[in-house]
Every structure is written in structure tokens, then in C-alpha cells.
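Engineer: Below is a structure I'd like to ask you about.
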Amino acid sequence: MMRGYCGGEGEIFPARAPDAIQSKITKIPKSNKPQCTHPKRFLLQESLKSAPQDGSTHGPRVGVVLVGRGSLYSRQPSDELASLADYLRSLNDDWLVAEALLEQGGPSVADALQALARAGVEKVVVLPAFMPVEIATRNWLRYVARRWQEQTGARVEVVVAGPLAGHPGMKDAAVQLIREASTVASTPVCRGGKQGTPEPDWSVVPPHNHHVLFCQGPRCTAAGAAELGAFLRKRLKEQGLDEGPNHVLAARTGCLYPCNLGPVMVVYPEGTWYCGLNESVLSEIVERHLLKGETVSSHALRPSPLPQSRPQTGLPAHQFSGRE
């Protein structure tokens, strides 16, 4: 099972809480997850499967990619992003709104752009729905859009909207929220257990045979890391490596830094970096390295002060990760 620790960029995020507090986390069974009822959301989901390839479909003129930061701990960020997307859809019938996650999950920005293009939009506005947004992040969003245009040949205009932090409406909203909170009865800031007392299971280092750090930072996410991470967890479970004496302690992380080599993961105790991952390579790593202790040298790199190349030099990240 995936485990980890709660933290910021570059830190390990938990996919599952310790047993002592697992029951306190709201989990939505797959069969009971809320279903999409908004017609435009349905159109977006179906566009990749049903839209003609000859450009004859003409949907809404403007597409919107609402970009949020994902979480490996809960569905709350995705649910809040979906709520905002539904509100935007209700305001204008000419907007087709898609949700995307910058990191720590999917769909990626490229996935959302592709779906909107297949639905027939002529222009896409990318709106980062979080703050603050660093200049590097805005530049990265532009790069993702430009790379998607080059790879797909889509004739869709893409612009990145201005930051929320600089908008007067955001300042007014902050004032209103502070006023509302100051008038309600106070509530405890700590729930579950005694206030100020950490859960004991967070002090446990689980026994394991291998420790895998699987990157789901922004660039690896854009290269398909969300789907590949799910595939890795499935393969570990199929091989009985998610528990027991040969347990592989797999943690999804923020950026591991060699972004040009992504998707990336590191296997310890050997300290082997595997780069340019796809499903076939992951299966080989599980079967050879994690089960037999053999390094898959075709995709393995060692730390070096010099720039290194992915095993298949020249292939763009989306092709290398098995994505078209």
C-alpha cells in the first residue's frame, strides 16, 4: 500500500492514514461516488470518445481549464475544484469548463486541453484556481500548452488568465470570510484524540523490503505520472508486495527534480533512479528489481553532477510515458 508523510513540495504525501485514524477519514465507495449530472461535464467526458476527428463538431466557443493542486490524502481539493467548475458552467452557456490538477493526481492540464479541443472549442482560457501562483508556475502552464499544441497540431488558442491574488474580488472575499468567521462560535482546532497529542501510529516506520519514491510533481504529472502511479500500485498488489515480509513501501511524492528525465521514481535501499517510465517498464521493475533484486539497467540511472538522458533520447515525455 502507498504510505508516506504529509508535507509540501518535494515531501512525501500519504495515500493512506495509519490504522488508528483510518476510520476517521471519510471514504467514498467507488459505487457511491457522486455522478456527473451537469450536461457540459458529460460533454467533456464523452468528447475524447465520441468527437469526430475531422473537426466538424462545433461546441462552445470558449473552453476553460480550471487548474488546481491535487492531494494524495483526500478528495477534498478535487471536489472543491469540481464545485467551482459547476458554478462557472452555470454562468455562461458558451463556456465548456474542464478541471485539471497541476500535480498529485489527474487529469493533467494536457488531458483537459485535449478534451476541450475534441469538443470543438476555438479558444481555451487556463485559470490557476489557487494562490499564490509563482511566475515559474505560470511559465510552466504556458509551456505545457505550447507542447500540447506542437504534439497534437491542435489549432486552438490558449491563454493563461491573470492571478487570483491580484483581483479585487479576491480581496473582498477575504474580508467577507474573516467577518463571517469572527461572528460564529469558536470550535476546537484539533479533532480526534486529545488536543495537541499526535496519533501514535504516525511514529511507526513500517517494516519493508524496498522503499519506492514515485514522483507526482507538476512535470511528471503532465507526463502521465498519475496513471502510472495507479498502475504501479496495482502491480504491487497483484504480486503481493503491498504487505508482508517483502513489503514495498511506496510513497508518491512532490517534485524529485530531474524533470527532463520524467516520469521518475527511486528505489531504495539501492538508490536506483528509474526514468522515462511507462507501464511496460514498471512491470519489468516490479518483476525483476522488487521481486528478484535485479536492476533494470535499460532505464536505471545513478546520481551524477552531469546532465543525463532518458533511455530513449529524443522522445517527448508524453510518448515516452505511453501517452499519445
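The values are calculated or read from the model by the stated rules, or taken from the named source; none is laboratory data. It should be emphasised that the depicted structure is a prediction, and the values quoted were computed from it without experimental measurement. Backbone-built Cβ (ideal geometry, glycine too); neighbour counts: all protein chains shown. Accessible surface areas use protein heavy atoms only, side chains included; no ligands, DNA or RNA. Shrake-Rupley method; radii C 1.70, N 1.55, O 1.52, S 1.80 Å.
Engineer: Counting just the residues of region 280-300 that are surrounded by 14 or more Cβ atoms within 10 Å (Cβ to Cβ) and touching a helix residue (DSSP H, G or I) at 6+ places or on another chain (Cβ under 7 Å), which one comes out nearest to V248 (Cα to Cα)?
Structural biologist: V286
Engineer: Given the residues R179, R89, which is the only one that is surrounded by 18 or more Cβ atoms within 10 Å (Cβ to Cβ) and at pLDDT below 95?
Structural biologist: Values: R179 fails: surrounded by 18 or more Cβ atoms within 10 Å (Cβ to Cβ).
Only one candidate qualifies: R89.
Engineer: What is the number of the single condition among (1) in contact with a strand residue (DSSP E or B) (Cβ under 7 Å, 6 or more places away or on another chain); (2) farther than 23 Å from G106 by Cβ; (3) surrounded by 14 or more Cβ atoms within 10 Å (Cβ to Cβ) that Y268 does not meet?
Structural biologist: That leaves (3) as the condition not met.
Yes or no, residue by residue, for (1) closer than 20 Å to R89 by Cβ; (2) crowded, with 17+ Cβ neighbours inside 10 Å:
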{"residue": "K123", "(1), (2)": "yes, no"}
{"residue": "M131", "(1), (2)": "no, no"}
{"residue": "A145", "(1), (2)": "no, yes"}
{"residue": "Q151", "(1), (2)": "no, no"}
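Engineer: Quick check on T152: is it farther than 30 Å from A174 by Cβ and out of contact with any Leu (no Cβ under 7 Å at 6 or more places or on another chain)?
Structural biologist: Considered against the rule, which asks whether it is farther than 30 Å from A174 by Cβ and out of contact with any Leu (no Cβ under 7 Å at 6 or more places or on another chain), T152 comes out as yes.
Engineer: Filter region 153-168 down to the residues that are of a type in the set (A, V, I, L, M, F, W, C) and assigned to a helix (DSSP H, G or I), then identify the one that is surrounded by the most Cβ atoms within 10 Å (Cβ to Cβ). Show your work before the answer.
Structural biologist: First, the residues of region 153-168 that are of a type in the set (A, V, I, L, M, F, W, C): 154, 156, 158-161, 164-165.
Checking the rest, the ones that are also assigned to a helix (DSSP H, G or I) come to 164-165.
Working: L164: 16, A165: 13.
That would be L164.
Engineer: Residues to consider are V264, V296; find the one that is over 21 Å from the mean Cα position of the chain (by Cα) and either within 15 Å of G217 (Cα to Cα) or of a type in the set (A, V, I, L, M) (or both). Break it down into steps so the answer makes sense when it comes.
Structural biologist: Values: V264 fails: over 21 Å from the mean Cα position of the chain (by Cα).
The conditions single out V296.
Engineer: Scan region 45-78 residue by residue and report those that are at pLDDT 70 or above and open to solvent by 80 Å² or more (accessible area, probe 1.4 Å).
Structural biologist: R61, R69, Y73, R75, Q76
Engineer: Based on what the data block shows, is R118 surrounded by fewer than 18 Cβ atoms within 10 Å (Cβ to Cβ), charged (D, E, K, R) and on the phi < 0 side of the Ramachandran plot?
Structural biologist: Answer is no for this residue.
Engineer: Additional query: Does A112 satisfy the condition of being surrounded by 13 or more Cβ atoms within 10 Å (Cβ to Cβ), small (G, A, S) and closer than 23 Å to C255 by Cβ?
Structural biologist: Spelling it out, A112 is indeed surrounded by 13 or more Cβ atoms within 10 Å (Cβ to Cβ), small (G, A, S) and closer than 23 Å to C255 by Cβ.
Engineer: What do you reckon, is N260 open to solvent by 10 Å² or more (accessible area, probe 1.4 Å), without any contact (Cβ under 8 Å) to a residue 60 or more places away in the chain, of a type outside the set (S, T, Y) and within 24 Å of A136 (Cα to Cα)?
Structural biologist: In short, yes.
To keep it simple, each residue is scored yes or no on (1) hydroxyl-bearing (S, T, Y); (2) within 22 Å of Q308 (Cα to Cα).
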site	(1), (2)
E199	no, no
C215	no, yes
G240	no, no
P263	no, yes
T272	yes, yes
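Engineer: A follow-up question, please. Here is a list: L277, L213. Which entry is surrounded by fewer than 24 Cβ atoms within 10 Å (Cβ to Cβ) and either in a helix (DSSP H, G or I) or touching a Leu at 6+ places or on another chain (Cβ under 7 Å) (or both)?
Structural biologist: L213
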